Amino acid sequence: MSEVLSAKGIDLLYGETSAVSNAQISLHRGEVAAITGQSGSGKSSLLYCLAGVLPVTRGEIHFEGRSFGDLDDEELSALRRERFGFVFQYGELLPELTVEENTALPLRLAGRRKADALAAAGEVLGRLGLADLCGRRPSQVSGGQSQRVAVARSLVHKPAVVFADEPTGSLDSGNAVAVLEEFLTLARSQGTAVVLVTHDAQVAARADTRYIMCDGMLRPHGEEAS
């Protein structure tokens, strides 16, 4: 597998406070990497650094061999819009759009024709068992269904990497397992890498690679803290 995303020596400071310290990670196509840790350990901050949302204080992040430091704001925005996908804890669907329109949104933002975008959205929704919900609004679907729509939206444009911040945190255990399996199966099938932040050890156990974050320090799962 080829490397798609890497970070070396990443520091993120908020004033004098260190949120991330000397983090290193390498991600390959189709790989799922889980980052676990206590609340406030820095794992979400690291996730948003890797996604180009938060600028790092020190260190380098490379996507497909190109440094984030060589990209201007417009190029970073295009990267997040076209090559990355995002899943959040509560889905963050737009209430005024239908399920199908929410799913198609990344394609529409990338300039795809509405008919083509909706067709692609319908295909992904069908793979997640949601074809009969296309015309409904987010308020008309369950929590588990809403999170499946968020998963569909993150993958519809076949991104290189999806960044998932507690994607099953708002679901009961039964729905969490089902949504996670569908999410990871679909991502792996299209060669999309996933960076997954979670508190749940059972969720993390389904990843290919596991990391633990503690006080801003990232280390491989099972490696003792020094």
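The values are calculated or read from the model by the stated rules, or taken from the named source; none is laboratory data. Since the model is a prediction, treat every value here as computed from it, not as a measurement. Every residue, glycine as well, gets a Cβ built from its backbone with ideal geometry; the counts of neighbours run over all protein chains shown.
Out of 217, 213, report the one residue that is surrounded by 21 or more Cβ atoms within 10 Å (Cβ to Cβ) and either modelled with pLDDT of 85 or more or among the small types (Gly, Ala, Ser) (or both).
Result: 213 is the single residue among 217, 213 that is surrounded by 21 or more Cβ atoms within 10 Å (Cβ to Cβ) and either modelled with pLDDT of 85 or more or among the small types (Gly, Ala, Ser) (or both).
Please identify the pairs in which a residue from the range 68-96 that is at positive phi has its Cβ atom under 6 Å from the Cβ atom of a residue that is surrounded by 18 or more Cβ atoms within 10 Å (Cβ to Cβ), counting only partners at least 6 apart or on another chain.
91/146; 91/147; 91/150
Identify the residue in the range 97-111 that is without any contact (Cβ under 8 Å) to a residue 40 or more places away in the chain and in contact with a helix residue (DSSP H, G or I) (Cβ under 8 Å, 6 or more places away or on another chain) and, among all such residues, is surrounded by the fewest Cβ atoms within 10 Å (Cβ to Cβ).
The extreme case among them is 109.
Kindly indicate the residue of the range 127-141 that is at pLDDT 90 or above, part of a helix (DSSP H, G or I) and not polar (S, T, N, Q) and also surrounded by the fewest Cβ atoms within 10 Å (Cβ to Cβ) among those meeting that condition.
Top of the filtered list is 132.
Let me spell it out: the conditions are (1) out of contact with any helix residue (DSSP H, G or I) (no Cβ under 6 Å at 6 or more places or on another chain); (2) within 21 Å of residue 27 (Cβ to Cβ), and residue 123 meets all of them except one. Which number is the exception?
Unmet for residue 123, out of (1) out of contact with any helix residue (DSSP H, G or I) (no Cβ under 6 Å at 6 or more places or on another chain); (2) within 21 Å of residue 27 (Cβ to Cβ): (2).
Among the residues of the range 81-96, write down those that are more than 19 Å from residue 119 (Cα to Cα), surrounded by 15 or more Cβ atoms within 10 Å (Cβ to Cβ) and either modelled with pLDDT of 95 or more or touching a strand residue (DSSP E or B) at 6+ places or on another chain (Cβ under 8 Å) (or both).
Passing the criteria: 83, 84, 86, 87, 88, 89.
What's the number of the only condition in (1) at pLDDT 90 or above; (2) out of contact with any Pro (no Cβ under 7 Å at 6 or more places or on another chain) that residue 144 fails to meet?
Evaluating residue 144 over (1) at pLDDT 90 or above; (2) out of contact with any Pro (no Cβ under 7 Å at 6 or more places or on another chain) leaves (1) as the failure.
Looking only at the range 49-64, which residues are surrounded by fewer than 19 Cβ atoms within 10 Å (Cβ to Cβ) and either among the β-branched types (Val, Ile, Thr) or without any contact (Cβ under 8 Å) to a residue 40 or more places away in the chain (or both)?
53, 55, 57
Kindly list the number of the only condition in (1) within 30 Å of residue 199 (Cβ to Cβ); (2) of a type outside the set (Lys, Arg); (3) buried (at least 19 other Cβ atoms within 10 Å of the Cβ) that fails for residue 121.
Result: residue 121 fails condition (1) only.
Test residue 183 against the criterion of being assigned to a strand (DSSP E or B), in contact (Cβ under 8 Å) with a residue 24 or more places away in the chain and surrounded by 20 or more Cβ atoms within 10 Å (Cβ to Cβ), and give yes or no.
no
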